[in-house]
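Read through the structure below, which is laid out as structure tokens, and then see the notes.
Every number here is computed from the coordinates shown, using simple stated rules; none is lab data. The structure displayed is predicted, hence computed values, not measured ones. Because the Cβ atoms are built from the backbone with ideal geometry, glycine has one as well, and the counts that use them run over all protein chains shown.
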Amino acid sequence: MDCASGCSGAANFVFSSFYFLILGFIGSFAAIISLIFTAAAGYGAWWTYKKATATWTWLLARIDALELGLKQETADRLSSDALLKTLLDQEATDRTLGDKLIKGLLDQETTDRTDGDKLLQILLDKEHVEHEGAETKLNDLLAKESSDRKAQEDHLNTLLSDETNTRAAEEARLNTLLSQEESARAAAESALQDSIRNNQSAIAYNTSNISNNQASIAKNASTIAADEAQIAQNASAITTKQDKGFNPANAPTTIDPSSDPALAAKLNTIGACSAGYAWHREGSGYRCDGGGHYVSDAQLV
């Protein structure tokens, strides 16, 4: 019983000691925490005071700077107002001078415009006079042109009349030639009929001579062959001359010089027509014997 009580008391003592030790530890920890918070609060208060002092100093410096800037701005504004007043006065003076100058220029322009109107009127009067002179000259030129045109028309009518007369003469000559040709053809036909009748009697006579002529024909065949060879040789020579530039127009011709010696001599110098025919006098010119070419005296002059 005493042992149990002693053990229990020892245990209570130990437990109590441990309990108070824990309480002391917790109290010490709380005191340390409180001290830390107190130190932190003091440091925060000191830091806040320091920042507030720096801020106040900065604000005072800014206020001083703003006050200095305001004073400078006031001085600058006063200086600007004085300068602006000076510029306005100068502008008013310049505007007055400009108005006077503009008025002088307007007066000068009015004077110049008046002089210009007078000069323009003079030029218009001069142009009117020149225009009337030009119209007169143009009318003279038109009259001269009309006269020249009438003269040309008269000359053309004269040429047409001459050509008409020449053509009528040509037609009359052609009709004469046709009549002569018809007469010559009729005479030739009559002569041909007579020749046919004569030939018919000659045929009867010649029939008896055919047998005799057959021998002559055989003999003449060799002669004909020789003649054909000569004709072929002459044709070759003619072709060679044509290749070398031979022209029948260059062949000599003879014109009766009694009609007009000078024109006849010139026509003889020209030579035959392009077809190789000689010329004969006809009307107011010359015509080739073939009838297809005509040269007037005016063309030979």
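If you take every residue apart from ASP99 with its C-beta less than 13 Å away from the C-beta of ASP99, what net charge results, scoring Lys and Arg +1 and Asp and Glu -1?
Once all neighbours under 13 Å are counted, the net charge is 0.
Kindly write out, for segment 112-126 in residue order, the coupling ³J(HN,Hα) from the Karplus curve 6.51 cos²θ - 1.76 cosθ + 1.60 (θ = phi - 60°), rounded to whole Hz, with x marking Gly and Pro.
Those phi angles translate into 4, 5, 4, 4, x, 4, 5, 5, 4, 5, 5, 4, 5, 5, 5 Hz.
On full extension of the chain, what length is gained from ALA92 through HIS131, given 0.36 nm per residue of separation minus the C-alpha to C-alpha distance?
8.5 nm
How much length is gained on full extension from ILE270 to GLU109, taking 0.36 nm per residue of separation minus their Cα-Cα distance?
Extra length from ILE270 to GLU109 when fully extended: 49.4 nm.
Report the FRET efficiency, 1/(1 + (r/R0)^6), for ARG149 and ARG185, where r is their Cβ-Cβ distance and R0 is 35 Å, rounded to 0.05.
So the FRET efficiency works out to roughly 0.10.
Working out 0.36 nm times the residue gap between LEU83 and SER284, then minus their Cα-Cα distance, what length gain in nm do you get to one decimal?
Separation in residues times 0.36 nm, less the Cα-Cα distance, equals 60.8 nm.
Under a cut-off of 19 Å between alpha-carbon atoms, report the aspartates and glutamates in cross-link reach of LYS103, not counting same-chain residues fewer than 8 places apart.
Hits, sequence-local ones excluded: GLU91, ASP94, ASP112, ASP115.
Which one, ALA134, SER161, SER146, is farthest towards the positive end of the dipole of segment 116-168 when Lys and Arg carry +1 and Asp and Glu -1 on their Cβ?
SER161
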